[in-house]
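In what follows, a single structure is set out as structure tokens and then discussed.
Laboratory data are not the source of any read-out in this text; all were calculated from the coordinates shown. As the structure is a computational prediction, the values presented were derived from the model and not from experiment. So basically every Cβ, Gly included, is an ideal-geometry build from the backbone, and we count neighbours across all protein chains shown.
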Amino acid sequence: MTSNRSAPQFLRPLSGTMELTEGDELVLDVTVHGKPTPEVEWILNGSEIKNANTYSNEGNHQLKIPRVSAQHTGSYCHTH
């Protein structure tokens with residue numbers, strides 16, 4: 001019997017450091033697969049980012065900030 005569940009696996013996680021200038025666009029992408037399809041939460045400096053421009057499509061997840069400012073400075077990560 002085949003299981004309809006599999007643990008989330010990040011096929012393309014976040015990596016590296018980015019340096020942006022105020023007003024630049026920030027785009028972060030990850031690819032994650034699993035069953036059921038995992039949801040991704042974006043984290044900035046340990047707190048969940050609420051009301052962000054996020055997109056999900058078939059395991060590809062993206063966080064987009066059209067114009068960064070000082071409030072967007074810090075360490076970004078994701079959870080599933």
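Numbers for the structure displayed
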| read-out | value |
| --- | --- |
| Only Lys, Arg (+1) and Asp, Glu (-1) charged, at Cβ; the chain dipole about Cα centre in debye | 320 |
| Spin-label pair Leu26/Thr73, simplified geometry with 7 Å Cα→Cβ offset, distance in nm | 1.2 |
| Dipole of the chain, positive end: most advanced residue of His80, Leu44, Ala70 [Cβ charges, Cα centre] | His80 |
| Net charge of neighbours whose Cβ lies under 14 Å from the Cβ of Val68, counting Lys and Arg as +1 and Asp and Glu as -1 | -2 |
| Cα→Cβ-extended label distance, 7 Å offset, between His80 and Glu39, nm | 1.6 |
